[in-house]
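Any read-out appearing in this document is the output of simple, stated calculations on the displayed coordinates, not a laboratory observation. All values reported here derive from a predicted model rather than from experimental measurement. Glycine gets a Cβ as well: all are built from the backbone with ideal geometry, and neighbour counts include every protein chain shown.
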Amino acid sequence: MTKNTIDVKNLQVTEQKDWAAGVPAVLSAYKNVSSKVGPIRGTKLLAQLNQIEGFDCPGCAWPDPLLTRSTFEFCENGAKAVADEATLKRATAKFFSKHSIDDLKLKSDRWLNDQGRLVEPLFLAEGSSHYQPISWSNALNLVAKELNKLGSPNQAAFYTSGRTSNEAAFLYQLFVRQFGTNNLPDCSNMCHESSGVGLTETIGVGKGTVSLHDLEHSEAIFIFGQNPGSNHPRMLTSLQAAKRQGAKIVAINPLDEAGLKRFKNPQEIEGVIGTGTALRDVYLPVKINGDVAFLKGLCKALIERDDAGQDVLDKKFIAEFCLGFNDFKQDMSDTSWADIEQGSGLTQSQINQAADIACASKKTICCWAMGMTQHKNAVANIQLMTNFLMLQGNLGKPGAGVCPVRGHSNVQGDRTMGIWEKPTDSFLDALQQTYHFTVPREHGYDAVETVQAMAQGQVKVLFALGGNYYRAMPDHGATKQALGNCELTVQVSTKLNQSHLYTGKSALILPALGRTEIDQQSSGIQTVTVENSMGVVQTSHGKIPPASNLLKSEVAIVADLAALTLPDSQINWQQMQNDYRIIRDGIAQVIPGFESFNQRIEELGEFELPNGVRDERKFVTASGKANFVVHAIEPINVPEGCLLMMTIRSHDQFNTTVYTNNDRYRGIHGSRRVVFVNAEDLRDLDLKPGQSVDIHSHWPNEKIKTRTAEGFTLVQYDIPRGCAAAYYPETNDLIPLSSVADKSNTPAYKSVVISLHKKTAKED
C-alpha cells in the first residue's frame, strides 16, 4: 500500500483505500442528491431508483434482482448520476448569450457539466460566436433539409449513446435505415465491441451468458480488467452473496482496486460499523497488455494437470460441443512458461494459484470490462478467456459462463434494437418484411471510421443521439478537424459537454428528457424499457416533471425528424410518437425474444431474453460448435526509458462526465491531471512523486510520431513495473485514431507507449 502523501497545487494525494462503500458511500450519495436536487425531492427520487414501478438508473447496466427489489436498490454512483440529471440548475439562453464558444472551450469537463440542464433548442450558425435559441420546428426542418441535400444517405452518420431507451433506439435505426444508410456508430464501438466480436466467433452470441442468480451461486469468479467499486458498485453486493455461498474470487488487473479487496455493504450493520466482507481470494497484478500471456498460462496449467492424471478437463463437453481443441492443446504445449512469465509479468507460481481455484470449481464465471477490450489484441483476450471456460465445460450450465460487464445503462439494449453498423441479414430481412421498404445492406461506419470519413469529406452531417462523441474519441485534434468538415452537427443532449463546442460549420443542440422525467405524449404518460448487462428487459417510468416545457423525448425528436425528412414514408411516425406501445409491437415482430412485448412488461415489469448458449448449449457459429482459437503472445515493444500506459476512470466520473476532481479510493483529491507510476520506475527514471511532467506517447509507424499531454503530476502507486495509468479523457490526445483492436476496431486506450519529461520550475 502506498504510504507517501503529496500536497501540491490543486492536488492532495493520500493513502490508497483497502475497502469500498460503507458510510462514506452513503454520505457521498446523499450529499450529491441533497445539494443538486434538494433533500426531500432527492430522497423521493432515490426511493424510486431501480424499483419495478420506478425508473432505471441512468448510470451503469448492472442488473437488478429479477422480479424483486430491496428497499435501497442503488449505489453511490447511481445516486450521483440521478443527482446530475435531476439537478435544479439550468443552462438557459441567458447563459449562452453570456458565454461564447471560445470562452466555453477554456472550461473543464466538470465545469461544463455543472452548468445544469439544457432547456431549449439552440443553434450555432456558421461563423457565429454564440449559440442562439431556435424553435423546435425550425431546428428539425433545418436537419431534414441538410439530410435531404446530401448526395447520398451514406454522407450522414447517426451516433447513439448507451442511455437511449429501447423504444428510441429502435425508432432511430428504423428512421436511419429508411433514410438509406447503416452508418450507425455507437458507444459500443469504443468499449465492448471486442467482446461482441470475440464471443460471436467462439460461442455464437455476442453478449453474456449468465444471470444474476448464476453469479451469486458460482464456485469461482475470475474478474479481469475491471474496477467494480467505482464503475459497477452494485456488483459488489452480488460478489458478497457469492462469497457467502463459498465462491472463490480471482482479480486480474494491473491495479489492485479497493472494491475487490473488501466491501462494506451500507445496507448491513457489518458494513456500517464492522469490517465488511473480504472479496478477492487471489490478486494477480498482470502487467498492462499481459492478459493473453496470463490466459495461455492458465489454460496450459489446466491441460498439464489433466495430462498428469488429474481429472481437470470436461472431455465430454469438449468432444460434443467444441471444435479446435487439439490445435489449441498443441499451442499450449508449444508455448513456454518463460514466454508466459515474460508476457504476463506473473510467475508460474502465481498463475498456478488461479489454476488451483479453477480446478476446485465446477461452476466458473469470467467477468470483464474495458481493461480487456481496449487493446490491439482485445479480441484475443476475450477468446482465450472463453477457451479457458470451455476447457472445463463452463458454458451453458448453472453458475457458469461469460459475463461482459456493460458500462452504460442501455448499451446492450441499443445493440439488440439494431443500433449497429454491421446488421445481420436476418435482422434486416425482418425489418424489411415488417415495415415494407428496401433496407440498405452495405455495412456502415463505426465510431472510428466515422471520424475518418468526416476527415475525408465523405460524411457531411453527424447526428448524435446522446453522448459526448468528440471527447470520448482518441486524438481530439484529428476528431476536431474532422467534425469541422461537416456541414452540420447535431447533439441530442441533457447537459453541456465539449461535443457542443467542437462542431461542424453549423450546429444544433436539441434538449431531451432524462430518464428521471415524466414522458407525456398524446396517449398519456409513456413507459420505456432497457436491457441490462445480463439480458433482462425492464421498464422505466419517469417520476419528476421535465426540467423545461421545451424538452422533447428522444422518441419524439426522432419521430418528428423522420416525418420531416421522409415525407413519402408509409410508416406512421406520429402514431408511434403518440403511443410507445406501437413501437414495442414493431419490436416484437422484428426481434426474436420480444414476442408479446407489451403484455409481458405490463404483467411483470420485466422479462429475461432467451440465450442459446445459456438455455440449451446451442452455439450459433458456422460450425454449430464452440470454437477453440489459437492466439500468439505478441508483446508490445516498450523502449528503454519508456512505460506502457493505460487510461482509467476515477471514482467521481461516469464515462466522459466528471462529477469532481477526486478519486477517493485511489487517494486523489483536487486534480485529475495525474499519472500513476511504480516507485522503482520513478527511481530508475530519476523522477519523484509530486513532480510535474509532460507525457509523450510514441508511434514510430505514424505520421505524428510523438504526441504530448502537458502538465501532469507524478503519483507513486502500486502498479506493475514498466506500467503507468492516467485518466480518460484527459490523455485521449496521446492515442492516434489508427491505434485500434484487431477485428473490432475499438480504440486501444489501454496500450500506449509513453515517456515522462520533467517540467522546469519556469515551465510550471
Practice item. Would you mind checking the pairs K105/K145; K89/K505; K107/K750; K80/K552; K17/K287; K145/K750 and listing those with alpha carbons more than 31 angstrom apart? Key: K145/K750
**Study point:** FRET efficiency, 1/(1 + (r/R0)^6) with R0 22 Å, evaluated for S738 and A622 via beta carbons
**Key:** 0.15
Review point. In this model, which of K376/K743; K94/K543; K207/K315; K300/K363 are farther than 21 Å apart at the alpha-carbon?
Key: K94/K543; K207/K315
Check your understanding: Which FRET efficiency value, to the nearest 0.05, is calculated for E53 and L88 with the Förster distance at 35 angstrom and r the Cβ-Cβ distance?
Key -> 0.90
Check your understanding: Tell me, what is a quarter of the convex hull surface for the C-alpha atoms of the range 211-404, in nm² with one decimal?
Key -> 10.6 nm²
Point to revise | Extension reserve of the E702-R69 stretch, reckoned as 0.36 nm per residue once the Cα distance is removed | key: 222.7 nm
Practice item. Beta carbons within 10 angstrom, averaged per residue: use that to sort the peptides 559-567, 399-407, highest first. Key: 399-407, 559-567
**Study point:** Sorted by Cβ density within 10 Å, fewest first, the residues R581, R262
**Key:** R581, R262
Point to revise | Cysteines, the chain, no other Cys beta-carbon under 4.7 Å | key: C57, C60, C75, C187, C191, C299, C322, C359, C366, C486, C642, C723
Practice item. Mind checking the full-extension length gain between Q574 and W337? Use 0.36 nm per residue of separation minus the Cα-Cα distance, one decimal, nm. Key: 79.0 nm
Exercise for review: Please work out the C-alpha center-to-center distance from the range 416-442 to the range 621-645 and express it in whole Å.
Suggested key: 33 Å
**Study point:** From the C-alpha gyration tensor of the range 178-243, square roots of 5λ in Å
**Key:** 30, 15, 11
**Study point:** Spatially proximal aspartates and glutamates relative to K36 (Cα-Cα < 17 Å; intrachain offsets below 8 disregarded)
**Key:** E76, D84, E85, D114, E517, D652
Check your understanding: So what's the net charge close to Y665: Lys and Arg +1, Asp and Glu -1, counting the other residues with Cβ under 15 Å from its Cβ?
Key -> +2
Exercise for review: May I ask you to compute the full-extension gain from I518 to K362, defined as 0.36 nm times their residue separation minus their alpha-carbon distance, rounded to one decimal in nm?
Suggested key: 51.5 nm
Study note, to complete from the structure: For P(r) over Cα pairs in 10 Å bins from 0, in percent the list reads (1) 3, 14, 25, 28, 20, 9, 1, 0; (2) 3, 14, 24, 25, 18, 11, 5, 1, 0, 0; (3) 2, 12, 19, 22, 21, 15, 6, 1, 0; the calculated value is entry (1)
Study note, to complete from the structure: Dividing the alpha-carbon radius of gyration of the range 601-706 by 2.2 N^0.38 Å, where N counts its residues, gives 1.78
Practice item. Quick one: grab Rg to one decimal and Dmax as a whole number for the range 643-758, Cα atoms only, in Å. Key: 14.0, 40
Review point. Between D694 and K44, what is the spin-label point distance in nm, taking each point 7 Å from the Cα along the Cα→C-beta axis?
Key: 5.4 nm
Review point. According to the square roots a ≥ b ≥ c of the eigenvalues of the Cα gyration tensor, what is the shape class of the range 64-196, taking rounded for a/c under 1.5, prolate for a/b larger than b/c otherwise, and oblate for the remainder?
Key: oblate
**Study point:** Derived scalar couplings ³J(HN,Hα) [the range 240-250; Karplus, 6.51 cos²θ - 1.76 cosθ + 1.60; whole Hz; x for Gly, Pro]
**Key:** 4, 4, 5, 4, 5, 8, x, 5, 9, 10, 10
Study note, to complete from the structure: Listed with the fewest Cβ neighbours within 10 Å leading, H757, H217 appear as H757, H217
Check your understanding: What fraction of the DSSP beta bridges in the range 643-758 is antiparallel, stated in percent and rounded to the nearest 5?
Key -> 70 percent
Practice item. Report, for the chain, the % of DSSP beta bridges that are antiparallel, rounded to 5. Key: 45 percent
